[in-house]
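Have a look at the structure below before the remarks.
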Amino acid sequence: MNPGNRLATTTWGWLVCSLMLLLSGVARSESQLLDGVAAIVNDDVVMLSELRTETEMIYQQLLRTQNQAPPRDALTHQVLERLILDKLQLAIAQRAGAQIGESELSQAITRIAEGQGLTTEQLYDEAAADGLSREWLRNKVRQEMIISRVQQSVVNRRINVSEQEIQSFLNSDAAQALGTEEVHIGHILLPLSPAAAEREVAAAQAEAERLREQMLQGEDFSQLAVLHSAGQNALQGGDLGWRVANQLPSAFASALRDLSPGQITAPIRTDAGFHLIKLYERRGGGEQMLRQSRVRHILIKPNQILSDEQAFDKIQQVRARILAGESFADLAREVSDDTGSALKGGDVGWSLPGKFVEEFEAVANSIEPNQVSEPFKTQFGWHILEVTERRNQDFSEEIRRNQAMHALRQRKFAEELPVWLREIRDEAFVEIKI
C-alpha cells in the first residue's frame with residue numbers, strides 16, 4: 001500500500017502534548033481503598049480505581065495548565081464518560097485484532113519524551129516518582145494509540161471526498177488562503193442526536209445559549225468546557241490547539257470567519273449537537289514557498305507470517321546493507337512490499353502537502369538529502385526512506401488540489417467523529433453504578 005494514501009490526522013496527540021502534566025502528583029493512593037465497579041459497559045467494566053486515577057490525573061493537569069480546576073467530584077461524570085467511550089473503542093479494536101507492537105510503542109514513547117525535552121528513561125523516572133509504573137505508562141500510551149487507530153479506520157470509511165467537492169472548494173473564497181491560515185480555538189459540544197425531538201433540540205440550544213451568556217459575563221471558557229462539553233478535548237479545557245482554518249468543519253470555519261480573537265461564536269448546530277467555539281488567536285495567511293523533497297522508500301509489512309517485531313528486524317537489516325554500500329534502488333526492487341514504488345527503485349516522487357501520511361512526511365522533512373532514515377512505523381508497516389533531491393517551489397495547481405483534498409478530509413473527519421462516538425455510546429449497554 002502506497003504511503004501517498006493520506007488519512008486524516010490522528011488523533012492521540014493530546015497525550016503527547018500533556019502526558020508529563022498528568023504525571024504530577026498522581027500517587028496511587030486508591031490502592032488503599034476498596035475497589036468496585038463504577039460502570040458496566042457491554043461485557044466490560046470501569047473500575048472505581050480507574051475512575052479515581054483518571055480523575056486525579058485530569059485534576060492535576062488542569063491545575064498545571066490553567067492554575068485552577070473544578071472540584072474533583074464535578075469532574076467525575078466527564079471522566080467516567082471518557083472511560084466508557086474508551087472501553088467501547090478498545091472493544092472494537094480487540095474484535096478487529098488491532099495491535100501496537102513493542103517497537104512501535106517504544107518509538108511513540110521516545111517521541112513523547114523528546115517533546116518534553118527528556119530521555120525515555122527520564123520519562124519513566126518521572127512516572128515512577130509519582131507512583132506510576134513503567135508498565136502503566138506503556139499501557140496508557142498503547143491504549144491511546146489503539147483508540148486513535150480505531151477512529152482513523154472506522155471514521156475514514158464513513159467519509160468520501162468527490163472531485164466535484166474538490167473543485168467547488170478550489171472555486172470558493174476558502175481556497176484563497178489554502179493551508180496557510182491557522183486558528184487557535186476552544187470548543188464546547190453539547191451532544192444531540194440528529195433525530196432528536198424538537199423539545200430536546202430546544203433544550204440543548206437553550207443550554208448552549210446559557211453557557212455562552214455565562215462566558216460573556218466573564219466565566220472561564222475552559223472551566224465550562226471541562227464541566228459541560230462532550231467533545232474529545234473537554235478534559236483539556238476544550239482546547240483544540242492550532243488548526244488549519246480550512247480543515248475545520250465547514251460550520252466552524254464559517255462562524256469563525258469574521259470573529260476577532262477573544263470572541264465566541266453563537267451556538268452552531270451540526271449532526272453531533274450544538275457547539276460553541278472560542279477564537280484565541282490567528283496566524284499565517286498570504287503567499288508561501290513550499291520546500292519539496294523527492295523521496296524513495298522501502299516498506300516491510302507485518303503479516304500473518306511476519307510479526308511486527310520480525311518486520312522491524314528485517315527493515316533494520318535492509319538499512320544496514322544500504323549503509324554498507326548496497327544500492328537502495330536495487331534493494332527496494334528486491335524486498336519492498338510497496339509494489340507500486342518498488343518497480344521504480346522505491347521512488348515515490350516529489351512531496352506535496354497531503355500526499356504522504358503524517359509520520360512519513362515528518363521523517364522526509366527532518367533528514368538531509370542522501371541520508372537514509374532510521375526505521376519508522378506508519379499504518380502501512382515499517383519504512384526506511386531517503387531524500388534524493390530537495391527544492392523550493394511556488395504553490396502549483398497540483399499542490400492546491402492535494403491541499404484541498406486533505407482539508408476536506410480533515411473537515412469531514414472532524415464532523416463525523418463525534419457523530420460516530422455518539423452512535424456507539426447510544427447503542428451500548430451502559431449501567432452506571434455510582
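For a footprinting-style exposure proxy, rank Phe252, Phe376 by other Cβ within 10 Å, fewest first.
Going from sparsest to densest Cβ surroundings: Phe376, Phe252.
Once amide H atoms are built 1.01 Å from N in the peptide plane, which residues 5 or more positions from Gly349, or in another chain, come under 5 Å H to H?
Val295
Given a cut-off of under 8 Å on Cα pairs at least six residues apart, what relative contact order in percent is computed for region 252-337?
21 percent
For the chain, what is the calculated [θ] at 222 nm in deg cm²/dmol (nearest 500), taking -39500 (n - 2.57) for each run of four or more DSSP H residues and dividing by its residue count?
Helix contribution divided over all residues of the chain: -16000 deg cm²/dmol.
Take the chain, mark every one of the GluC sites (Glu not before Pro) that falls in a DSSP loop and has at most 14 other Cβ within 10 Å, then report the longest stretch left between them, sites excluded.
No qualifying site falls inside 1-218, the longest such stretch.
Provide Asp44, Asp73, Asp239 in ascending order of the number of other Cβ atoms located within 10 Å of each residue's Cβ, fewest first.
Asp73, Asp44, Asp239
In nm, to one decimal, how far is the modelled label at Asn171 from the one at Lys344, with both set 7 Å along Cα→Cβ?
Roughly 3.1 nm, to one decimal.
Rounding to the nearest 20 debye, state how big the charge dipole of the chain is about its Cα centre with +1 on each Lys and Arg Cβ and -1 on each Asp and Glu Cβ.
560 debye
State the number of lysine pairs found in the chain whose Cα atoms come within less than 21 Å, restricting to pairs 8 or more positions apart or on distinct chains.
13
Compute the signed sum of charges (Lys and Arg +1, Asp and Glu -1) over the other residues within less than 14 Å, Cβ to Cβ, of Asp426.
That works out to -3.
Using the number of other C-beta atoms within 10 angstrom as an exposure proxy, rank His184, His77, His228 with the fewest first.
Fewest-to-most ranking of His184, His77, His228: His77, His184, His228.
Can you give the FRET efficiency for Glu281 and Glu198, using 1/(1 + (r/R0)^6), R0 = 41 Å, r = Cβ-Cβ distance, to the nearest 0.05?
For Glu281 and Glu198, the calculated efficiency is 0.65.
Could you tell me the center-to-center distance, by alpha carbons, between region 361-434 and region 103-169 in angstrom?
Using only Cα atoms to place each centre, the spacing works out to 13 Å.
Would you work out if region 289-394 is rounded, prolate or oblate? Take a ≥ b ≥ c from the square roots of the eigenvalues of the alpha-carbon gyration tensor; rounded if a/c is under 1.5, else prolate when a/b is larger than b/c, oblate otherwise.
Prolate, because a/c is 1.5 or more and a/b exceeds b/c.
Over the chain, what is the relative contact order in whole percent, taking alpha-carbon pairs under 8 Å and six or more residues apart?
This gives 22 percent for the chain.
Which entry in (1) 26.0, 86; (2) 22.1, 87; (3) 23.0, 72 matches Rg and Dmax of the Cα atoms in Å derived from the coordinates of this structure?
This structure yields the entry labelled (3).
For Trp382, what is the net charge nearby, where nearby means another residue's Cβ is under 12 Å from its Cβ and Lys, Arg count +1, Asp, Glu -1?
-4
Which value in nm describes the separation of the simple spin-label points at Glu374 and Gln316, placed 7 Å from the Cα toward the beta carbon?
If labels sit at Glu374 and Gln316, their model points lie 1.2 nm apart.
Return the inverse of the average 1/r over all pairs of distinct C-alpha atoms in region 192-233, which is the Kirkwood hydrodynamic radius, in Å to one decimal.
The answer is 11.3 Å.
Need one number: nm distance between label points at Glu181 and Trp242, each 7 Å from Cα along Cα→Cβ, rounded to one decimal.
It is 1.7 nm.
Here, each number is a calculation from the coordinates, and none is a lab measurement. Worth saying up front: this structure is predicted, and the values here are computed from it rather than measured. No Cβ is skipped: glycine too gets one built from the backbone with ideal geometry, and neighbour counts run over all protein chains shown.
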